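Read the structure below first, then the notes.
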Amino acid sequence: MKKLFLLLFVAITTTTFAQDKISIESGNFDFLKDQTEVNVQFKFENPLFQADNYTEAQYLERRKTETLAKKGEESWKEWNKEWQKHKESIFFDKFIEGVNGKAKK
């Protein structure tokens, strides 16, 4: 009985929280019905960071100054390495979260 209850709970939770990341506000995707593959490209040109709307160069310079002052050169190199990895992987998910969050307001 406990396993059945747990399975039901997991199914409901998954259905509730595993919604599509992008919702259609208007229009439709009928023009894609015969397509087997679609190439979508996101171009992050001139992104702005934080509430102060820093450009990427300004943000990195500010972050470098803060990191060097508090933790040193080695910490800055590690942070910068992680930043480059995040730009290629995690940044996309955070971008979608931000777009969806602002679209709902």
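Throughout, read-outs are computed from the coordinates displayed, never taken from laboratory work. None of these values were measured; they are calculated from a predicted model. We place every Cβ from the backbone using ideal geometry, glycine too, and count neighbours over all the protein chains shown.
Quick look at the values:
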quantity: Cross-link pairs K43/K77; K43/K71; K43/K64 - those with Cα-Cα distance over 31 Å; calculated: K43/K71
quantity: Amide N of region 60-74 lying under 11 Å from the label point, which is placed 7 angstrom from the Cα of K81 along Cα→Cβ; calculated: 74
quantity: Protection-proxy order for peptides 56-62, 84-90, each taking the mean of Cβ atoms within 10 Å per residue, highest first; calculated: 56-62, 84-90
